[in-house]
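See structure below.
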Amino acid sequence: MIKLEKVTNENYDAVSQLSVHEHQVEELDWDITAELQDYLNSEQDEEIIFAIYYNATPIGLVEIGSYENGQDNYNHQKYGDKVTYEIQRMMIDGAYQGKGFGKQALPAIIDYIKTFPHGLADAITVTYFLSNMVAKSLYQAVGFVETGEKWDGDTLEPWDDNRTDELEMAEVGARLALSEWRDVT
């Protein structure tokens, strides 16, 4: 059974050992140990890091943030989103990949967000590299829709669709509307 547990000093040692396959390190762009230490030593409230557990074993991590979108934000302009929750990073340990744990974890993450732990929001957003078909199909399977926003994942400049030399650098945004849950809370 999949469950989420906040990262604490008690589970830090086990959780900090999680890693992805070597070829995925650049895509993840996350120094897990440093991020967990910063998280545990901070007073910040905007972000939460959960360990993803399968029974009693930590098998992954997810970082969730909550943000107010400014007037110039793409999703604010296109959809009217004033506040969003963002799945900033999600990873399943390399030893547990390909076993359906990501598909099981994502609904648990969405269910947590639908409790609106930091207040009401308009949507959940994620980003992934356009070439990461596993991430794309995972998010689409639970209802995320690509927004049309595309940028260079390295420079953060808008992506030029005529650029074909380094397509693996194209990053896209996707969103899952929360309006139906906002109305019932």
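The values are calculated or read from the model by the stated rules, or taken from the named source; none is laboratory data. For clarity, every value in this text was computed on a predicted model and none was experimentally measured. Using ideal geometry, Cβ is built from the backbone for each residue, glycine included, and neighbour counts are taken over all protein chains shown.
Checking the condition modelled with pLDDT of 80 or more, in contact with a strand residue (DSSP E or B) (Cβ under 7 Å, 6 or more places away or on another chain) and among the acidic types (Asp, Glu), which residue from 47, 68 passes?
Unique residue meeting the criteria: 68.
Taking the range 133-162, which residues are buried (at least 16 other Cβ atoms within 10 Å of the Cβ) and outside any strand (DSSP E or B)?
The answer is 135, 136, 138, 139, 144, 153, 159.
Looking at 159, 151 in this structure, which one is within 19 Å of the chain's Cα centre (by Cα) and without any contact (Cβ under 8 Å) to a residue 40 or more places away in the chain?
Of 159, 151, the one residue that is within 19 Å of the chain's Cα centre (by Cα) and without any contact (Cβ under 8 Å) to a residue 40 or more places away in the chain is 151.
Can you work out which of the residues in the range 78-92 that are under 19 Å from residue 48 (Cα atoms) and surrounded by fewer than 20 Cβ atoms within 10 Å (Cβ to Cβ) is modelled with the lowest pLDDT?
Among residues in the range 78-92 that are under 19 Å from residue 48 (Cα atoms) and surrounded by fewer than 20 Cβ atoms within 10 Å (Cβ to Cβ), the one modelled with the lowest pLDDT is 89.
Can you tell me which residue in the range 99-120 is surrounded by the most Cβ atoms within 10 Å (Cβ to Cβ), limited to those that are part of a loop (DSSP other than H, G, I, E, B), of a type outside the set (Lys, Arg) and free of Cβ contacts under 8 Å to residues at least 60 places away in the same chain?
Per the stated criteria, the residue is 100.
Determine whether residue 124 is β-branched (Val, Ile, Thr), in a strand (DSSP E or B), modelled with pLDDT of 90 or more and touching a helix residue (DSSP H, G or I) at 6+ places or on another chain (Cβ under 6 Å).
Spelling it out, residue 124 is indeed β-branched (Val, Ile, Thr), in a strand (DSSP E or B), modelled with pLDDT of 90 or more and touching a helix residue (DSSP H, G or I) at 6+ places or on another chain (Cβ under 6 Å).
Could you grab me the full set of residues in the range 161-182 that are farther than 20 Å from residue 109 by Cα and either of a type in the set (Gly, Ala, Ser) or at pLDDT 85 or above (or both)?
Passing the criteria: 170, 171, 172.
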